[in-house]
Amino acid sequence: MKHLILSLLTLLSLTAAAERIGTWTLFPSYYGITQVAPAGTDIFVLASGNLYSFHPADNSLTTYYKDDPLSDLDGGCLSSNDIRQIAWCGDAGRLIVAYSNQKIDLLTVDKDVTTFTDLADKQMTGDKNIYNICVYGQRAYICTGFGIINFDVRNEHVIDTYNLGQKVSDTHVTSTHIYALTDDGVVKAPLSGNLLDPNSWSTTGELWTDLKPSQDLSNDYGTLFRDSRNSCYWGNDPEGRLARYEHDEDDTLQQKGGGVVPDGPQSKNFWRLYLHDGRLFATCGNLSYGFSGKIPGCVQIYDGSSWDVLASPGRMTGYDYIDANCMAFDPLDKNHFWVGAASGLYEYSGYKPVKAHIPANSALTGMYNYEEGRSNVCSMAYDRDNTLWVMNGWCDTPLVQFSRDGSSRNFPQRAISFENRYNVDAQSAFISPTNGYLWWNNNQWDKTAVFRYDWRNNTLLPFTSFMNQDGSTISHHQIFDLTEDKDGNIWVASDGGPFYLSHSAARTETADNVAFVQHKVPRNDGTNYADYLLDGIPVRTIAIDAANRKWIGTATTGIYLISSDNNTELHHFSTENSPIPSDFIHDIIIDSETGIVYIATGRGLCAYQGDISDANAEEMSKETAWVYPNPVTPEYTGMITVTGLTPGAQVKILTSSGQLVNEGICQGGSYLWDGCDTRGRKVASGVYMVNVATPEGEKGIVTKIAIVR
């Protein structure tokens, strides 16, 4: 009996793990309040495009997500469907939630939702964006780019649409008239008139502030929204959390109590990701070529359950802490690490800043022709002797070494300097695990380069000619990222698509006549034609998983997962078919122990539970392989998944009598079967055997699938 219980527990654990594969986790930010809608006993808050509510009676918080219960907020993350406006209609007991895609939710405090899609579905060439919502009784006057929608909130339907042919920023309604604030001034119309007729609307010389004086106030942290029922105001505290403000005896507005906010990252802007000491670190700066920068310095930390922010160094360099670009972690001391920013280099010990490095006290160089007193650190890497190499951008001496004794020196290299030195953007520094060189790239428009540096002998090999294996120039203007795959190939992420230096070319003695490889994907249409992999698609970052598959993040079309042989597109995630916050991907990092793929964008962070990790990439067994769903019931219409496999494993599905019904090769850690035989027919009810062998045909394992039709 004990053995049976343990077997059942193991099966339940494996099944639960399998069900997580392919699932998404979103990390919405709730800091930085833009709107507050008091709703009696509840306070609804819009912050960073995400919605939550505060309940003063018990100081509890409620967050709202897509399908829980909202219709179009993708997991709470700011996305192409972020929330733009909220307004409370007391007469109807509904919160009006307007999205950037023009859908509207009507939400009760009990999480009942009705979705209105007429405006989103309306085919028109004009501006449909929603700019404001004015509530009068049970009606909401929705301000759009073309006029006003008169919406009955209680009965949940549109009464009329007033097409004024211009953007309306706000409305005001009295017992006799309706007023609209447009770019050309204030227009009004009598409620007794035909508001559908543009001629019923006339220009008025009245001032909007006289017609609709604001009852809200402001402080150093933004707007304070009036709550007449509770005789107070609500708004940001100094850290962007929700706080209550009241007038004291001297009529001075004072914060009452501490600020509250749901757990989440402080900033929605994610630039570079790092995994260290069981935590995810995320920088928020982006001073790189093509970005404006000047984002307040911030490093966010996720420990798997909650978020924190790394202690700020303030003005340790004499400059404001801005654009935290990159990090590096000491291989010999997990509590010692560095943050590179546009305001200098910061050294941390015990998660506290202990020293700042700038040109005045180190070998760093200032930003050429800009601010010579501060340095922009673009990327960093520790070498095999455990000394730190710092890529000092926007200058002609970007190579700086920091020794373990705290001293530093730079290594001028003639081949690094370009005509416009302040545009040298030294990104993606790393030490190759196979060839041992220090690699990085220059991301300057039309001055792109890939650099290989022998740090022990101080010799630099620049690759500045980008010809492919066919003798054609690879068309691109920028290089954003470098990474190395499991075969030792150096992959290049460019705005013209991905390409790579082969393992042998990466070890060449000279860059003359070295060809980069644009992988050719066969069309498999009966011809010998092939196409370059993702040719012309602007690629921002490439990450390699334990199965040597490529997770390719783009600037326009989201993420592609490409098979280890580079021939098959396994997944394509975009804002259209997944919860990723943006199709513009800044960075991707993969936790090799868990298979979790973290995705950074300028609109938020999300994570995807992949099907491959170090464990099942190296070895599979009866304990690691399982099937879900199992049994397959009549109502199930999706794919049947065999997971916990080694990439490249050979899979055969047989009837109980040994007849072959399906076979194939596992591309990642999972094998998908549609439940059909080799002729495309649904198989009958029964128990099917799954035989799996390694790519070499060894270590065969067997599991079973029960199908009920």
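The values are calculated or read from the model by the stated rules, or taken from the named source; none is laboratory data. Everything numeric in this text was worked out from a predicted model, so none of it was measured. Using ideal geometry, Cβ is built from the backbone for each residue, glycine included, and neighbour counts are taken over all protein chains shown. Areas reflect the complete protein model, heavy atoms only, side chains present, ligands, DNA and RNA absent. Shrake-Rupley method; radii C 1.70, N 1.55, O 1.52, S 1.80 Å.
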Of the residues in segment 539-560 that are in contact (Cβ under 8 Å) with a residue 60 or more places away in the chain and in a loop (DSSP other than H, G, I, E, B), the one that is nearest to Asn443 (Cα to Cα) is Ala555
Going by the conditions given, is Leu332 open to solvent by 10 Å² or more (accessible area, probe 1.4 Å), part of a loop (DSSP other than H, G, I, E, B), more than 23 Å from Arg374 (Cβ to Cβ) and modelled with pLDDT of 95 or more? yes
Total residues in segment 585-595, condition of a type in the set (Val, Ile, Thr), touching a residue at least 60 places away in the same chain (Cβ under 8 Å) and open to solvent by 30 Å² or more (accessible area, probe 1.4 Å): 1
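Condition check ((1) closer than 18 Å to Ser428 by Cβ; (2) in contact with a strand residue (DSSP E or B) (Cβ under 9 Å, 6 or more places away or on another chain)) across all residues:
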position: Gly488; (1), (2): yes, no
position: His503; (1), (2): no, yes
position: Asp512; (1), (2): no, no
position: Lys520; (1), (2): no, yes
Asp320 in a strand (DSSP E or B) and farther than 20 Å from Trp389 by Cα: no
Any residue in segment 260-273 that is open to solvent by 20 Å² or more (accessible area, probe 1.4 Å), free of Cβ contacts under 8 Å to residues at least 24 places away in the same chain and among the hydroxyl-bearing types (Ser, Thr, Tyr)? no
Residue under question is Asp127, and the condition is that it be assigned to a strand (DSSP E or B) and exposed (fewer than 15 other Cβ atoms within 10 Å of the Cβ); does it hold? no
Provide a single number: the residues in segment 347-386 that are open to solvent by 40 Å² or more (accessible area, probe 1.4 Å), out of contact with any His (no Cβ under 8 Å at 6 or more places or on another chain) and not in a loop (DSSP other than H, G, I, E, B). 3
Of all the residues that make up segment 497-549, how many are within 26 Å of Tyr598 (Cβ to Cβ) and aromatic (Phe, Trp, Tyr)? 2
Considering every residue within segment 219-228, establish whether at least one is under 26 Å from Trp88 (Cα atoms) and surrounded by fewer than 12 Cβ atoms within 10 Å (Cβ to Cβ). yes
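Each row is one residue, and each column tells you yes or no for (1) open to solvent by 60 Å² or more (accessible area, probe 1.4 Å); (2) polar (S, T, N, Q).
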residue: Asp485; (1), (2): no, no
residue: Ser504; (1), (2): yes, yes
residue: Arg507; (1), (2): yes, no
residue: Ala530; (1), (2): no, no
Could you tell me whether any residue of segment 446-457 is open to solvent by less than 30 Å² (accessible area, probe 1.4 Å), at pLDDT below 95 and either in contact with a Ser or Thr (Cβ under 6 Å, 6 or more places away or on another chain) or under 13 Å from Asn566 (Cα atoms) (or both)? yes
In segment 129-165, how many residues are over 12 Å from Thr182 (Cα atoms), touching a strand residue (DSSP E or B) at 6+ places or on another chain (Cβ under 7 Å) and of a type outside the set (S, T, N, Q)? 18
Got a number for residues in segment 77-99 being at pLDDT below 90 and open to solvent by 20 Å² or more (accessible area, probe 1.4 Å)? 2
The one condition Ile653 fails out of (1) surrounded by 12 or more Cβ atoms within 10 Å (Cβ to Cβ); (2) within 23 Å of Asp565 (Cβ to Cβ); (3) at pLDDT below 85 is (3)
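Is segment 290-306 home to any residue that is of a type outside the set (Asp, Glu), in contact (Cβ under 8 Å) with a residue 60 or more places away in the chain and part of a loop (DSSP other than H, G, I, E, B)?
For segment 290-306, residues of a type outside the set (Asp, Glu), in contact (Cβ under 8 Å) with a residue 60 or more places away in the chain and part of a loop (DSSP other than H, G, I, E, B): present.
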I'd like to check which strands (runs of 3 or more DSSP E) are fully inside segment 632-683 and have at least 1 residues that are aromatic (Phe, Trp, Tyr) and in contact (Cβ under 8 Å) with a residue 12 or more places away in the chain. 670-673
In segment 561-584, what residues are open to solvent by less than 50 Å² (accessible area, probe 1.4 Å), outside any strand (DSSP E or B) and not charged (D, E, K, R)? Ser563, Ser564, Asn566, Ser574, Thr575, Ser578, Pro579, Ile580, Pro581, Ser582
Could you tell me whether Thr556 is within 30 Å of Cys326 (Cβ to Cβ), open to solvent by 50 Å² or more (accessible area, probe 1.4 Å), within 24 Å of the chain's Cα centre (by Cα) and polar (S, T, N, Q)? yes
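Looking at segment 415-426, can you tell me whether even one residue there is modelled with pLDDT of 95 or more, among the aromatic types (Phe, Trp, Tyr), under 16 Å from Cys378 (Cα atoms) and surrounded by 16 or more Cβ atoms within 10 Å (Cβ to Cβ)? Full working, then the answer.
First pass over segment 415-426, keeping only residues modelled with pLDDT of 95 or more: none.
Checking segment 415-426: not a single residue is modelled with pLDDT of 95 or more, among the aromatic types (Phe, Trp, Tyr), under 16 Å from Cys378 (Cα atoms) and surrounded by 16 or more Cβ atoms within 10 Å (Cβ to Cβ).
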Being open to solvent by 60 Å² or more (accessible area, probe 1.4 Å) and assigned to a loop (DSSP other than H, G, I, E, B) is the filter here, so list the residues in segment 511-526 that pass it. Asp512, Asn513, Arg523, Asn524, Asp525, Gly526
All positions within segment 389-414 that are open to solvent by 10 Å² or more (accessible area, probe 1.4 Å) and in a loop (DSSP other than H, G, I, E, B): Trp394, Asp396, Thr397, Ser403, Arg404, Asp405, Gly406, Ser407, Phe411, Pro412, Gln413
Search result, residues across segment 112-121 that are more than 13 Å from Val153 (Cβ to Cβ), open to solvent by less than 70 Å² (accessible area, probe 1.4 Å) and not β-branched (Val, Ile, Thr): Leu119, Ala120
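Going by the conditions given, is Phe337 farther than 19 Å from Leu460 by Cβ, in contact (Cβ under 8 Å) with a residue 12 or more places away in the chain and not small (Gly, Ala, Ser)? Even if it seems obvious, please write down each step before you answer.
On the way: farther than 19 Å from Leu460 by Cβ: yes; in contact (Cβ under 8 Å) with a residue 12 or more places away in the chain: yes; not small (Gly, Ala, Ser): yes.
For Phe337, the condition - farther than 19 Å from Leu460 by Cβ, in contact (Cβ under 8 Å) with a residue 12 or more places away in the chain and not small (Gly, Ala, Ser) - is met.
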